[in-house]
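Beneath this line is the structure, given in structure tokens, with notes to follow.
Throughout, read-outs are computed from the coordinates displayed, never taken from laboratory work. Note that this is a predicted model, so its numbers are computed, not measured. FYI the Cβ positions are ideal-geometry reconstructions off the backbone, even for glycines, and counts take in every protein chain you see.
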Amino acid sequence: MIFHIDGNSFYASCERIFRPDLAGKPIAVLTNNDGVVIALNQECKDLGCKRGDLYFQVKKQYEENGVFVFSSNYTLYADISRRLNILYSEYSLETEPYSIDESFVYLTDWKNADYSEIGREIKDRALREIHIPISVGIAPTKTLAKMCNKLAKKFGGICNWQELDRNAVLADYNAADIWGIGKRKAEILARLGVHTAFDLANFPLDKAKKYLSITGFRTVQELNGIQALDRNELNNKQNIGTGRSFAHGVTGFSELETALAEYTQLAVERMRAEGSACRIVSVYLMTAHNYITEDRSGEYFNAATAELPSSSSYLPDILAAAIRLMRSIFRDGYEYRKIMINLIALEDEAKAQPDLFCDNEASDKKNKAVMSACDCINAKYGRGCIHPGTRNLTKETKADGKKADWIMDRKMLSPEYTTNINDVPVVH
Amino acid sequence: MNTRNTTGFPSPAQGFEKDTFDFNRILSKHPSATFTMRYEGKTLSDSGLFPGDLIIIDSAIKPKQGMLGIVEEDGEFICKRIEENSGIVFGIITGIVRTGIL
């Protein structure tokens, strides 16, 4: 069974965690450089504010309505995302972060399992332990799980496909809102008389392939409860991750390091193929969860996140950060069953923010040349033919402990509540 | 904590080095639910809390009466003993870090 879990108004919910004074108040979060509104909570939506509003146009309206406006604090969001994924991985090692605020979690298909109850438990724990409201969609395929997640927002946070009047739900769901069916495909479908998810589920497969290509073909299968999307297809526009569970427990640091190096290389290769660079690197390390006994002493789930001084697609930089992160969470004496790396806050490599402290042009040119050469050799002689063996100092912070991203205009940035000791909340 | 970066492919010593004990392990039982705040109040010195202390908060522990915790009151986080009618509890204090004693 597949759970699709996402944080409700995630960025706004993160901003709310350490601001009890904002309960019930409208909150909006802006993009890099404070240009566009990218996230708002329900209170803010109720005022008629919309995602995509240009901030300079709506600034006055927001002020008049008492909207609390924040610059995007990716360091905070990535840390909260990390915590949520640690929680999910207690329920299944097959946890797949899809973007900073959504994950797929694969649960074993047990007989008589009460998946809704498991969903409720995860939801309650996320709210109580991490202070983030989440929604859970539960279904046999990714596409249906994502659909159920959308419906969950109306059903009190949990929606289980198996408990629904399926045909009625599909008939009530716009084809355009289905995951993988964009605006363009929806237009093609409309011309063919396909308007709802029900129409599409009953669309002949050969036609689906002809009009919608292989992705549309898969969507139709998924709507019929047949898994057609790969588990490890983690790529999307905001996030690239790789990681596997091990066949046997692994205890040694160097074995884990080797695995991490391999997955990091895979993730960076994928990212480079898309022409992207990442700002944030997360590493997850986990043991298996023991379902049989109550004994939790052999269990350990942890993750660490770092922000690079500037966006990078340079493998040695990213690997150095990844291994350093692993070192910070590695504990002796556990049998690890999975390691995972996640590259977040992707942006166009060409547009990546430069790091003012580096001699960019020279080092960039050199890095690009090195990486292109590696890509070529690996393409020709097989993946992993050339791999990193370097030691590289990754700067996550400047000397004063602040991260080196002040180049960006982020006037309304909230503190790094959870990641910077100088920024932790003060209580009396 | 590591400030030097020791990375890359197997250094001969890796895997054999014996690090000192790790404060994270001592201070945090539930890594995903552990938060840190700084106490700047003056009323809890009887409970061993002094201004400037870093307090370790575990949100995964079920609050019980008498525990020291962070409670939401009038839109503010307050550090106090949990009572029966305490409002929303953010978490329970499980540790204190006090530095700069010299």
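Peptides A:125-132, A:142-149, A:168-175, A:254-261 ordered by packing proxy, namely the average of other Cβ atoms within 10 Å per residue, highest first: A:142-149, A:125-132, A:254-261, A:168-175.
Averaged over peptide A:319-326, the number of partner chain Cβ atoms lying within 10 Å of each residue's Cβ comes to 3. Once the Cα-Cα distance is subtracted from the 0.36 nm per residue extended length, the B:Leu102 to B:Lys64 segment shows a gain of 10.1 nm.
Among A:114-122, A:24-32, the peptide with the highest mean count of other Cβ atoms within 10 Å heads the list, and the full ranking is A:24-32, A:114-122.
Once the Cβ-Cβ distance of A:His289 and A:Asp230 is raised to the sixth power relative to R0 = 30 Å, the FRET efficiency obtained is 0.80. Here the calculated FRET efficiency for A:Leu127 and A:Asn202, from their Cβ-Cβ distance with R0 = 56 Å, stands at 0.90, rounded to the nearest 0.05. With a 10 Å cut-off around each Cβ of A:54-66, the average count of Cβ atoms from other chains is 0. Computed about its Cα centre, the charge dipole of the range A:28-72 is approximately 140 debye, with only Lys, Arg, Asp and Glu carrying charge at their Cβ.
Ordering B:46-58, A:210-222 by mean Cβ neighbour count within 10 Å, with the highest value first, yields A:210-222, B:46-58. Round to the nearest 0.05 the FRET efficiency obtained for A:Phe155 and A:Phe56 when R0 = 51 Å and r is the Cβ-Cβ distance. Taking R0 as 51 Å, the efficiency between A:Phe155 and A:Phe56 is 0.85.
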